[in-house]
Structure formats: structure tokens, C-alpha cells
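The numbers here are math on the coordinates, done by the rules we state, and not lab data. Remember, it's a predicted structure, so these values are computed and weren't measured experimentally. Here the Cβ positions follow ideal geometry from the backbone for every residue, glycine too, while neighbour counts run over all protein chains shown.
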Amino acid sequence: MDIDLKIINNSGLRKILIVGVFHGDEPQGEYFINEYLKIKRNKIKNSLYFIPRLNKNNNRTNKNGVDLNRNFPTKNWKKSKQDDYFGGLRPSSELETKFLVKLIGEINFDAIVTIHAPYKIINFDGPALGLAQKVSKILQYPVQEDIGYPTPGSFGTYCGIERKIPTITIEIDENKAPKELLGRFINLFDYFAFEY
């Protein structure tokens, strides 16, 4: 599987992973990341690891009908019915999941960010309240710790709760054109590059 990983300054002080398009019907993250990568930045303090598009499919699920955000090997993973939230036949059954599990096992990330839609909130897992509040100020969405429904096998549980990596899930406003939100995301990525 060809998952695009782009790294800016791999010798930085802190390492931040930013993932776009977990769900194929939430494509905005790919746009924000690719637009940011066009900008030349000098003397970046931290290392940014970008995955513009994790899920190559255009539906919520991947090509195998699995919701990647329910496929991680967490303590709360469970087999579910085969609908849009199907977590796979077993945890880490999908190549995309295996890719991220391997990456997180190899690199000691200081923070992880994923870009989703449509709830207009900043959700967080693990020791990330302060970071969530900072991201909230930049993107102008409220912080909400509980997404409001169970998420067995989620990436946030895998990284934030079980591995104690500050993990942020950005839920953007899907009713706004990505171009309208781009400036905020450039500010956010700059924050991770220079200040975090």
C-alpha cells in the first residue's frame, strides 16, 4: 500500500504526526496539508510528519469496508456489525492501520493530530487538555472531551489513552469551503512547527 508520508525537519526538537482523511468522505485534511506543504518555511524548530490522505477510498470506510478509526488494537476493540462503523474482522486487519501502528512504534511522537468532520469541535485523548485548548484558540472550535458515542478501536484510544501521547481530533465545519478555513490551519501547522 502506498501511503504518502511527508516529513519536514526530521531532526526537530519535538515530533508531531498530522493525519488527514481517516474517513474518505472527509477530504478536507488532505487539502490543508497539501497547501501547507507548498509554503517554504525556514528554521523550523520541530519535526512535522504529515500523512495527507490515509484512506484512498471516497467513502467513510476503506476499500475493504472497514472504518479505520475502529480498527486499532485497543483494549476496547470489539467485532461489530458490517456497517459504516465496521471495525474489521480483527484489530489491525487493515494495511492503513498497520502502517500507523508501525510508525507510532518506531517514532516517539510528542503529539498526534487527525482532521475529521463535521462536528466543529476539538476532541482530545490522553494528556492533551492544554494542547486542545491551544488548538481551540487557533481554530475557533470549542473543546469537547467526549465525542458523545462509543468509539471502540479508535486511533485516539490507541494513541492517547493507551500510549499517553497527547492526541487531538479536529472536527471541522463541513459546511464551509476548505479555502475559508485554510488560514487557520496554516496558523495551526505553524504553531506545531515553531512553538509547540
Original post:
What's the local net charge at Tyr141, with K and R +1, D and E -1, over the other residues with C-beta under 11 Å away?
Top reply: +1
**OP:** Report relative contact order for the chain in percent, whole number only (criteria: Cα-Cα under 8 Å, sequence separation at least 6).
**Re:** 25
**OP:** Indicate the gyration tensor shape class of the range 91-196 (rounded, prolate or oblate), computed on the Cα atoms with a ≥ b ≥ c the square roots of the eigenvalues: a/c under 1.5 is rounded; otherwise a/b larger than b/c is prolate and the rest oblate.
**Re:** prolate
Original post:
Separation between the Ile147 and Phe194 pseudo-spin-labels, each 7 Å from Cα along Cα→Cβ, expressed in nm?
Top reply: 3.2
Subject >> Calculated FRET value between Asn76 and Ile39, using beta carbons and R₀ = 30 Å, to 0.05 >> reply: 0.15
**OP:** Once you've got the GNM for the chain with C-alpha springs shorter than 10 Å, pick whichever of Leu13, Leu100, Leu129 has the biggest mean-square fluctuation.
**Re:** Leu13
Subject >> Long-range HN-HN contacts of Asn57 with modeled amide H, under 5 Å >> reply: Lys63
**OP:** Mind jotting down the distance between the C-alpha centroids of the range 163-196 and the range 1-19, whole Å?
**Re:** 15
Original post:
Using +1 on the beta carbon of Lys and Arg, -1 on that of Asp and Glu, and nothing else charged, what's the dipole of the range 51-126 about the Cα centre, debye to 20?
Top reply: 280
Subject >> Listed values (i) -0.36, -0.53, -1.48; (ii) -0.47, -0.65, -1.29; (iii) -0.60, -0.66, -1.20, entry calculated as log10 I(q)/I(0) by the Debye sum over Cα atoms at q = 0.10, 0.12, 0.19 Å⁻¹ >> reply: (i)
Original post:
Along the charge dipole of the range 6-195, which of Tyr119, Asn76, Leu103 sits closest to the positive end, that is, farthest toward it, with unit charges on the beta carbon of Lys, Arg, Asp and Glu (+1, +1, -1, -1)?
Top reply: Leu103
